[in-house]
Amino acid sequence: MRQSLLRHFRTLHSLAPANNDHLSALRVAVSVAVPSLVLLVAGRPELIIYAVFGALTGMYGRSEAHQLRLRHQAQAALVLLTGVGVGVFLSVNHLHSWWLVGVEALLAGVGSVFSDRVNLKPNGPFFGILALGACASVPTAVPWPVALLICAAAAGLSLAVGFGGWIRGRAWNPGAVRVAAPLRGPRRQLAVIHAARYVLAVGTAGTIGVLSGSGHPHWAMAAAAVPLAGADLPSSVHRGLHRIMGTFLGLVLVAVVLLPGPWAPLRLFPGAEAAVMAVLVIIFQFTTELFMTRHYGLAMVSFTPVILLMTQLAAPADPYVLITERGAETLVGAVTGILVIVLVRRHRRITPRSAAADRGDPGGQHPKITETTV
């Protein structure tokens, strides 16, 4: 027992080996920086939120060949654009509270099935529902097609940046395909259970957020989705704990930036507060991607300021309330997600042979393994 706890403790704090993370981080940072700075120069920093969510397209397919990355990121762009589009629709029509909970829980389930079908990496619908909740929670300051156009343009730039390296080698393998087995047989059953867990976790966390009177229940819903992306029960719990710890450390950085005090960087540049926050969003997004695959908790230390600063740009609020609610909603959501993982288990394991059979490959030459608990 003691050895098991020590092993989990070491895993919780271990840092995975680097794998050209700086290149992926640079691609994402460029994708975020260009549209954000354009909007800043145009005097519309409140629209940066749409550009950032579009630019998160660059987080997908980081280690794949260019032609595979292009397809992978196009699939991710569809998820992000859908999230932004639905969120803007809810915002424009002033559909909040229970509407937001119901729609986001439903889209979490649909996004889970889509993610399982096309094998998105990072897996799961997390960024799509995060975009949905964030865009629904702020007023839409421009006509809705403009918001979608900004997101689409940023996603398009991410696709171009991600594919840009192909120009150097120009190697194209016509037979290359991404491993994404069809949802048939036991894989379909597991995908349905997985989607149901997303609906349950996201819906429950959102319900708690609404009943508690929080102004940001979507933060609880996004946090509830985090543990469900784990490959098994231990990794799911680790992701939930990383989410909590990383968020609370990230809130310290947010407090340094937003709360009044002699140390606050916003006080050093009077009249340019929006520019400072926009630049910090770019910097923190770079460090987020730098650690995303190495240590999820460290990535959350940076991603927390990204979300709160661009939210503050879109809809300025009392920073004390913003920080408090972010911490409380993250705790509620992550714990809810962990409980759903523990209570709703996936009992059937797909072996390489059975997965191959689902794909019509009886020889099992190209096995696809799915863990018992996702």
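Hey, got the dipole for the range 215-323? About the Cα centre, +1 on K and R Cβ, -1 on D and E Cβ, debye to the nearest 20?
Working: 4 positive and 4 negative charges, 26 e Å.
Here the size comes out at about 120 debye.
What share of all Cα pairs of the range 65-182, in percent, falls into each consecutive 5 Å distance bin?
Final binned percentages: 2, 11, 19, 19, 17, 13, 9, 6, 3, 1, 0.
Where does each of 311-318, 259-266, 72-79, 217-224 land if you order them by average Cβ count within 10 Å, highest first?
On the way: 311-318: 17.6, 259-266: 12.0, 72-79: 21.4, 217-224: 31.5.
So the peptides 311-318, 259-266, 72-79, 217-224, ranked by packing, come out 217-224, 72-79, 311-318, 259-266.
Projected onto the charge dipole of the range 1-137 (+1 at Lys/Arg Cβ, -1 at Asp/Glu Cβ, origin at the Cα centre), which of GLY102, ALA76, ALA18 gives the Cα projection farthest towards the positive end?
Checking the options against the dipole of the range 1-137, the answer is ALA18.
Jot down the radius of gyration and Dmax of the range 175-224, Cα atoms only, both in angstrom.
16.2, 54
For the range 19-79, with all protein chains present and a 1.4 Å probe, just round the carbon and sulfur fraction of the accessible area to a whole percent.
Numbers: 1440 of 2180 Å².
Percent of accessible area from carbon and sulfur atoms in the range 19-79: 66.
Pop out the Kirkwood hydrodynamic radius of the range 218-273 from its pairwise C-alpha distances, inverse of mean 1/r, in Å to one decimal. Could the numbers behind the result be given before it?
Numbers: mean 1/r = 0.0750 Å⁻¹.
Across the range 218-273, the inverse of the average 1/r is 13.3 Å.
Among LEU290, LEU183, LEU100, which one moves the most in a GNM of the chain with springs linking Cα atoms closer than 10 Å?
Taking springs between Cα atoms under 10 Å, the residue moving most is LEU183.
Grab the beta carbon distance between ARG294 and VAL342, set R0 = 22 Å, and tell me the FRET efficiency rounded to 0.05.
On the way: r = 26 Å, r/R0 = 1.19.
About 0.25, to the nearest 0.05.
How big is D, in µm² s⁻¹, for the range 17-111 by Stokes-Einstein at 20 °C and 1.002 mPa s if Rh is the Kirkwood radius over C-alpha pairs?
On the way: Rh = 15.1 Å.
The estimated diffusion coefficient comes to 142 µm²/s.
Would you mind calculating the gained length between ALA74 and VAL92 on full extension (0.36 nm times residue separation, minus the Cα-Cα distance), in nm to one decimal? Spell out each step's value before the answer.
Details: separation 18, 0.36 × 18 = 6.48 nm, distance 2.64 nm.
The ALA74-VAL92 span can extend by a further 3.8 nm.
Per residue, how many Å² of accessible area does the range 24-161 show with a 1.4 Å probe?
Numbers: 4910 Å² over 138 residues.
Computed with neighbouring chains in place, this is 36 Å² per residue.
Just to confirm a number: summing +1 for Lys and Arg and -1 for Asp and Glu over residues other than ILE208 whose beta-carbon lies under 14 angstrom from that of ILE208, what do you get? Can you show the working numbers first?
Values: positive: none; negative: GLU104, GLU325, GLU329.
Value of the local net charge: -3.
Classify the range 189-256: rounded, prolate or oblate, from the alpha-carbon gyration tensor (a ≥ b ≥ c, eigenvalue square roots; a/c under 1.5 rounded; otherwise prolate if a/b is larger than b/c)? Write out the running numbers ahead of the final one.
Values: a/c = 3.40, a/b = 1.31, b/c = 2.60.
Oblate is the answer for the range 189-256, as a/c is 1.5 or above yet b/c matches or exceeds a/b.
Equivalent ellipsoid semi-axes for the chain, as square roots of 5 times the alpha carbon gyration tensor eigenvalues: give them largest first, rounded to whole Å. If you can, show how the numbers build up before the last one.
On the way: eigenvalues 204, 121, 85 Å².
Three semi-axes, in Å: 32, 25, 21.
Output needed for the range 196-333: three equivalent-ellipsoid semi-axes, defined as square roots of 5 times the C-alpha gyration tensor eigenvalues, in descending order, whole Å.
Values: eigenvalues 149, 65, 24 Å².
Largest first, the range 196-333 gives 27, 18, 11 Å.
Which is farthest toward the positive dipole end of the chain among ALA176, SER31, ILE244, measuring Cα position about the Cα centre, with Cβ charges +1 (Lys, Arg) and -1 (Asp, Glu)?
After comparing all options, I get ALA176.
Tabulate in residue order the Karplus-calculated ³J(HN,Hα) for the range 93-103, using 6.51 cos²θ - 1.76 cosθ + 1.60 with θ = phi - 60°, rounded to whole Hz; enter x for Gly and Pro.
In residue order, the calculated couplings are 8, 6, 9, 10, 6, 5, 4, 4, 4, x, 5 Hz.
Build a GNM of the chain with springs between Cα atoms under 10 Å: which of ILE283, ILE341, ILE150 gets the top mean-square fluctuation?
Looking only at ILE283, ILE341, ILE150, the largest GNM fluctuation is found for ILE283.
Hey, if you put +1 on the Cβ of every Lys and Arg and -1 on every Asp and Glu Cβ in the chain, which of GLY111, ILE129, PHE53 ends up farthest toward the positive end of that dipole?
So the residue we want is GLY111.
About the Cα centre of the chain, what is the dipole size in debye to 20, counting +1 per Lys and Arg Cβ and -1 per Asp and Glu Cβ, all else neutral? Can you show the working numbers first?
Working: 29 positive and 14 negative charges, 301 e Å.
Approximately 1440 debye in magnitude.
The values are calculated or read from the model by the stated rules, or taken from the named source; none is laboratory data. This structure is a prediction, so every number in the text was calculated from the model and none was measured. Reconstructed Cβ throughout: ideal geometry from the backbone, glycine too, with neighbour counts over all protein chains shown. With ligands, DNA and RNA removed, areas are computed over all heavy atoms of the protein, side chains included. Shrake-Rupley method; radii C 1.70, N 1.55, O 1.52, S 1.80 Å.
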